[in-house]
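Heads up: the structure comes next, in structure tokens.
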Amino acid sequence: MADRVTVIGWDGSPLTAAARSALGAATLVAGAGHHLALPEVPPGAERIRLGSVALAARRIAAHRGTAVVLAEGDPGFFGVVRTLRAPEFGLEVEVVPAVSSVAAAFARAGMPWDDAQVVVAHRRTLRRAVNVCRAHTKVAVLTSPGAGPAELGLLLEGVHRTFVICEELGTDREQVSVVTSDKAADHTWRDPNVVIVIGGPARGGPAPEDGWIAGRDPGTGPRGWTQPADAYVGDLGEGETDMLRAAQLARLGPRTGDLVWDIGCGAGAFATEAARAGAAVLAVDRDLGACARTDAAARRFGVQMQIVHGTAPHVLEDLPEPDVVRVGGGGAAVVSAVADRRPRRIVAHAATRDEAELLGRDLTEHGYEVECALLQSVGLDTRTWTETERSVAFLLSGVLPDRSP
């Protein structure tokens with residue numbers, strides 16, 4: 001096992017005295033090509049071109065001597081430190097930090113970043129990273145080959161964003177470019193790069209000087225998963241009652257990184273509340289008035305969503321893949337078309353038992369595990385304790401058993 005492992009962050013600045021001392025004593029140095037070319041790397045040290053950090057960690061663990069790993073930016077922020085400290089390698093790690101590439105990117109852009117979301121995009125997480133960009137007004141994306149600015153722009157089709165693309169930060173080839181998301185695919189971008197994705201309506205909340213938590217402030221907006229009917233413009237339909245919406249949200253569990261479809265969005269109540277949970281939302285309705293009401297609700301609550309005017313199921317064909325779906329209208333044909341897209345969870349409602357059975361059978365035939373509950377809510381005037389309104393609906397939920405919830 002290596003006698004000592006020092007991880008040195010590199011941001012293009014001259015190495016500190018501690019970093020030069022550790023590097024000068026190294027018998028093994030791991031890093032990218034431009035790291036290994038630094039003049040401070042001892043000529044007699046074994047050199048490892050850093051690709052797979054896990055493979056490098058195994059070689060370091062088998063090395064007898066002093067090892068140094070050179071890494072971009074702050075190696076403890078989405079960096080190599082997590083892998084090197086994994087129990088299976090048994091390495092004791094010391095860290096000499098540097099400015100993270102995210103901090104450097106925002107500095108180059110002249111923007112604060114305590115209110116930004118930070119995500120890592122590679123081939124496995126690209127879609128979820130894009131969903132965060134859909135849902136939030138300021139996101140920093142740490143990219144990778146095959147999951148860079150061009151791919152982000154292509155997957156954000158229909159959602160206007162501005163990209164600040166910072167290439168090869170800290171090197172003499174550093175370049176900062178500002179393009180709209182629809183133009184990002186027209187260029188070839190150099191790795192490594194960080195993309196700052198900004199745009200969409202501003203979210204309400206405390207003034208910057210009152211901020212207390214990095215990223216999205218969870219305390220923004222009124223409390224409660226669901227809001228009363230008078231919080232929205234126009235009459236809510238039978239599928240938008242407070243209690244039914246709360247049950248639908250509980251079944252779907254929308255969260256950051258998800259894309260939610262709300263088909264038959266009505267007044268926008270469910271779509272808005274799913275967006276408040278941090279998910280990206282695509283709201284669909286055939287009625288232009290419903291689309292306008294949904295847009296108004298989103299603006300009132302300071303959330304972002306994409307609104308699509310069209311009739312399901314045909315309009316669904318070109319939409320990006322959903323994680324969870326609420327079917328607010330359209331019946332069995334829409335439920336069947338949604339199930340063909342294989343989202344993790346689907347909720348729908350029915351006014352009668354026969355309709356509920358029809359929807360439930362369709363979901364079962366598509367391989368979903370189905371639950372159905374009869375929900376009844378009664379509103380009371382607490383001054384006289386008399387009934388003011390009554391709502392009855394069958395709530396159906398389908399879960400794919402072969403995927404994580």
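For the chain, the mean residue ellipticity at 222 nm estimated from helices alone is -7500 deg cm²/dmol, where every DSSP H run of n ≥ 4 contributes -39500 (n - 2.57) and the total is divided by all residues, rounded to the nearest 500. For semi-axes √(5λ) of the Cα gyration tensor in Å, the listed values are (1) 49, 22, 20; (2) 30, 27, 20; (3) 39, 25, 18; which was obtained by calculation from the structure presented? Of the listed options (1) 49, 22, 20; (2) 30, 27, 20; (3) 39, 25, 18, (1) comes from this structure. Taken over the stretch 292-362, the convex hull of the Cα atoms encloses 109 Å³ per residue. Can you send over the carbon and sulfur percentage of the accessible area for the chain, probe radius 1.4 Å, protein chains only? The value for the chain is 52 percent carbon and sulfur by accessible area. Cα centroid separation, the stretch 338-405 to the stretch 118-136: 30 Å.
Taking the C-alpha atoms only, the angle from helix 331-340 to the longest principal axis of the chain is near 20 degrees.
Our estimate of slack between Glu317 and Arg64, defined as 0.36 nm per intervening residue step minus the Cα-Cα distance, is 85.2 nm.
Along the chain, counting only trypsin sites (Lys or Arg not before Pro) with a DSSP assignment other than H, G, I, E or B and at most 11 other Cβ atoms inside a 10 Å radius, the longest segment between sites is 224-382.
The amide H of Leu70, built 1.01 Å from its N in the peptide plane, has Ile8, Ala30, Gly31 as neighbours under 5 Å, considering only residues 5 or more places off or on other chains. Amide H contacts of Gln227 (H built 1.01 Å from N, in plane; Pro and chain starts excluded): no residue 5 or more places away or on another chain comes under 5 Å.
For the stretch 298-384, the per residue solvent-accessible surface stands at 51 Å², with DNA, RNA and ligands left out and a 1.4 Å probe.
Cα centroids of the stretch 221-236 and the stretch 286-303: 13 Å apart.
The values are calculated or read from the model by the stated rules, or taken from the named source; none is laboratory data. What you are looking at is a predicted structure, and each value in this text was computed from that prediction instead of being measured. Cβ coordinates were reconstructed from backbone atoms using ideal geometry, including for glycine residues, and neighbour counts include every protein chain displayed. What goes into the accessible areas is simple: the full protein's heavy atoms, side chains included, and nothing from ligands, DNA or RNA. Shrake-Rupley method; radii C 1.70, N 1.55, O 1.52, S 1.80 Å.
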